[in-house]
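Participant: The structure follows.
The values are calculated or read from the model by the stated rules, or taken from the named source; none is laboratory data. This one's a predicted model, so the numbers in the text were calculated from it and none came from an experiment. Ideal geometry is used to build each Cβ from the backbone, glycine not excepted, and the neighbour counts take in all protein chains shown.
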Amino acid sequence: MYSDVINFRMKRLLWIGMLLISLGAKAQFDAAFTNSWALQSYFNPAAAGVDGMLNVKAAYSMQMVGFEDAPKTMLITADMPLFFLGPQHGVGLGLYSDKAGVFNTQKISLTYAYHLKLWGGTMSISARPALFVEKTDGSKLDLERANDPAFATSESKGQSLDLDFGLRYTYKKLWYAGASVHHLMGPTITLGDEKTHEITIDPVFFMTGGYRYKLRYPRYALAMDAILRSDLQNWRGDITARLEYDGEKHKLYGGIMYSPMNSVGILLGYNFHGINIGYSYEVYTGGIGVQNGTHEIMIGYQTDLNLGKKGKNLHKSVRLL
């Protein structure tokens with residue numbers, strides 16, 4: 001009997017903890033992907049179309065594996081330049097879905113970016129309008145007090161318009177630096193038909209940067225990326241380092257990710273014919289078991305859309321490899 005009571009209390013504490021974690025994550029409304037370096041146009045819309053390529057990427061993150069109702073996040077992005085208007089224009093599309101506890105957040109966004117040649121590189125400015133849809137399922141809550149007016153006890157739904165903004169400077173293919181803000185309008189989503197519950201989305205600020213260093217061996221390079229995000233109350237920073245191999249028919253990379261006071265992770269990836277397949281595993285350093293980390297799978301496709309390049313400079317120089 002006593003053990004049954006202990007098990008019941010432990011399950012309740014676990015659920016409350018998961019709910020608080022979900023609420024904490026929802027305060028920023030933006031998942032932290034282990035492969036943030038590869039999802040540039042998501043964290044900063046000014047990256048849309050800046051490389052002159054069509055980029056399509058999908059990422060799926062399963063966080064806190066082993067816990068019930070743990071967060072699961074899916075992201076699909078696509079961006080490209082508009083050469084018929086000039087290479088200085090870029091557009092993008094984003095689909096985002098995040099489930100954590102009783103919350104289900106969905107975001108649909110459209111991106112426009114303008115790129116200006118400056119100081120030997122490219123300065124980009126972008127705006128990204130978005131539609132936020134928030135759903136909650138209060139029937140999953142196990143409340144001590146029934147009919148608590150502070151919590152919805154049934155399924156409810158609300159939506160709101162939002163806006164992201166970004167700036168970025170890219171110097172050739174060597175380095176980049178950028179700043180962006182998500183939820184610039186700080187929208188408030190009213191849930192349910194009775195409009196009795198509200199969720200306010202606070203602005204989240206991002207700083208991103210990266211550098212690619214070519215090693216003595218021409219087929220190898222070391223790439224480093226960093227991202228810092230904050231809602232002016234909490235913050236998280238990630239640093240990623242990858243060793244890249246650029247072969248004639250395929251590309252490989254492997255690396256590590258470190259987030260101070262949060263987690264460490266490993267990255268692996270393979271690229272062939274413009275298709276990239278990546279996997280990462282992130283381990284939390286806050287006392288959660290190694291087996292309860294985050295699995296993340298990423299699939300991408302990239303191709304050159306500038307038809308004017310075809311038929312030109314088809315030869316390769318050994319010195320340029």
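Participant: From THR208, THR240, which residue is touching a Lys or Arg at 6+ places or on another chain (Cβ under 8 Å), among the polar types (S, T, N, Q), surrounded by 14 or more Cβ atoms within 10 Å (Cβ to Cβ) and not in a loop (DSSP other than H, G, I, E, B)? Before the answer, list the steps.
Facilitator: Details: THR240 fails: touching a Lys or Arg at 6+ places or on another chain (Cβ under 8 Å).
Going through THR208, THR240 in turn, the sole match is THR208.
Participant: Can you name the condition, by its number, that GLY101 falls short on among (1) small (Gly, Ala, Ser); (2) under 19 Å from ILE201 (Cα atoms); (3) within 14 Å of the chain's Cα centre (by Cα)?
Facilitator: (3)
Participant: Would you check which residues across the stretch 235-271 are closer than 17 Å to TYR284 by Cα and touching a helix residue (DSSP H, G or I) at 6+ places or on another chain (Cβ under 8 Å) and list them?
Facilitator: Within the stretch 235-271, ASP238, THR240 meet the criteria.
Participant: Sort out which residues of the stretch 44-84 are closer than 18 Å to ALA179 by Cα and either at pLDDT below 95 or touching a helix residue (DSSP H, G or I) at 6+ places or on another chain (Cβ under 6 Å) (or both), and write them in order of number.
Facilitator: ALA47, ALA48, GLY49, VAL50, ASP51 - these are the residues of the stretch 44-84 that are closer than 18 Å to ALA179 by Cα and either at pLDDT below 95 or touching a helix residue (DSSP H, G or I) at 6+ places or on another chain (Cβ under 6 Å) (or both).
Participant: Taking the stated definitions as given, is TYR60 closer than 20 Å to PHE205 by Cα and either of a type in the set (Phe, Trp, Tyr) or buried (at least 23 other Cβ atoms within 10 Å of the Cβ) (or both)? Walk me through it before giving the result.
Facilitator: On the way: closer than 20 Å to PHE205 by Cα: no; either of a type in the set (Phe, Trp, Tyr) or buried (at least 23 other Cβ atoms within 10 Å of the Cβ) (or both): yes.
Criteria not met by TYR60.
Participant: Can you spot a residue in the stretch 89-112 that is free of Cβ contacts under 8 Å to residues at least 60 places away in the same chain, closer than 20 Å to THR294 by Cβ, buried (at least 16 other Cβ atoms within 10 Å of the Cβ) and β-branched (Val, Ile, Thr)?
Facilitator: No, every residue in the stretch 89-112 fails to be free of Cβ contacts under 8 Å to residues at least 60 places away in the same chain, closer than 20 Å to THR294 by Cβ, buried (at least 16 other Cβ atoms within 10 Å of the Cβ) and β-branched (Val, Ile, Thr).
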